Ligand SMILES: [Zn+2]
Ligand SMILES: [Zn+2]
């Protein structure tokens, strides 16, 4: 606490000088006398964390966020604790170069504004966020930050390069094409909403387009609300680099969830569940199959759908497996 006492003593001296300057008529003298006070505030803020714990502004930001994970932290707090003016740049570095999952309020707000309200997604997202942060999601401000998990993504620097390459790629003309390209570079690896927002150059449509990859285009992009309850809220994973056959797409999310829940999130043929996934097992996904083929008039309704693992699903479509005899 020696540092802070010294910083406080200096600050008192600077405030006295500022008081003296107030008695004169010269505006500029007052401003100039206030500058050391502003710097003094930074010294006091940065001395709140000992040098052994954190020696740079960036380290202090990280130390503070890690002391309060999954908590909404105001930008002003980071300004105080970092003791530096360009703390937003340090937050960005921690996020993209060092792989800390630091979400900004902007991302949460865009997630909420773009959530599908037809499938109960918005409702689940709202309650997940409330559980996580302890506040009504409507009160999240754009100048707040949250450390989502107290764990560093070691791959971050490499992913950052890939992300920037795709972001600048002129052959990818839509936000959705960029999102898909990035997911396909990272199958099986959780991706943050922050990365997707950056990829979309801050256009809020990233959340909606990402959902469409699953609901309209048949890519297994899963979230905490959609099939991967182990993921942190606001993150995504492309379970496998594989697009569902055209006839199995466009099943409405509420129906999809109803079928998965009815079948206990298990393949109706072999009983495989996602928690059994292992590196040398070709079963990776749960998919929905139409008992009565969609193209022959089979409906996208729960009664006509069964949960299958990707292997048994392929077998059925290849005509090597008689589903009616196998279902249980
Ligand atoms: Zn199976
Ligand atoms: Zn099928």
Using a Gaussian network model of the chain with C-alpha springs under 10 Å, which one of 280, 153, 263 is most mobile by mean-square fluctuation?
-> 280
Return the single residue from 197, 124, 51 with maximal mean-square fluctuation; model: Gaussian network over the chain, springs between Cα atoms under 10 Å.
-> 51
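Kindly give Rg over Rh for the chain, based on alpha-carbon atoms, with the Kirkwood expression for the hydrodynamic radius.
Here the Rg-to-Rh quotient is 1.13.
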Quote the relative contact order of segment 1-48 in percent (integer), defining contacts as alpha-carbon pairs under 8 Å separated by 6+ residues.
-> 57
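Please state, as a whole number in µm²/s, the translational diffusion coefficient that the Stokes-Einstein equation yields for segment 247-328 at 37 °C and 0.692 mPa s, with Rh defined as the Kirkwood radius across alpha carbon pairs. Present the calculation step by step, with values, prior to reporting the outcome.
Values: Rh = 12.9 Å.
D, rounded to a whole number, is 255 µm²/s.
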In whole Å, how far is the Cα centre of segment 6-59 from that of segment 144-178?
-> 38
Report, in deg cm²/dmol and to the nearest 500, the calculated mean residue ellipticity at 222 nm for the chain, where each DSSP H run with n ≥ 4 adds -39500 (n - 2.57) and the sum is divided by the residue count.
-> -14500 deg cm²/dmol
Decide, for segment 76-188, between rounded, prolate and oblate: order the square roots of the alpha carbon gyration tensor eigenvalues as a ≥ b ≥ c, take rounded if a/c falls under 1.5, and otherwise choose prolate if a/b is larger than b/c, else oblate.
-> oblate
Estimated inter-spin distance, residue 3 and residue 280, nm [label 7 Å along Cα→Cβ] = 5.2
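When a/c reaches 1.5 or more, the comparison of a/b and b/c decides; with that in mind, is segment 133-240 rounded, prolate or oblate per its Cα gyration tensor?
Values: a/c = 1.39, a/b = 1.32, b/c = 1.05.
Note, shape of segment 133-240 comes out rounded.
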For segment 247-328, calculate the relative contact order in percent as a whole number, restricting contacts to Cα pairs under 8 Å that are 6 or more residues apart.
-> 34
If contacts are Cα pairs under 8 angstrom and at least 6 residues apart, what is the relative contact order of the chain in percent?
-> 11
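Every read-out reported here was derived from the displayed coordinates using simple, explicitly stated rules and does not represent laboratory data. The structure displayed is predicted, hence computed values, not measured ones. Note that each Cβ is placed from the backbone with ideal geometry, even for glycine, and that neighbours are counted across all protein chains shown.
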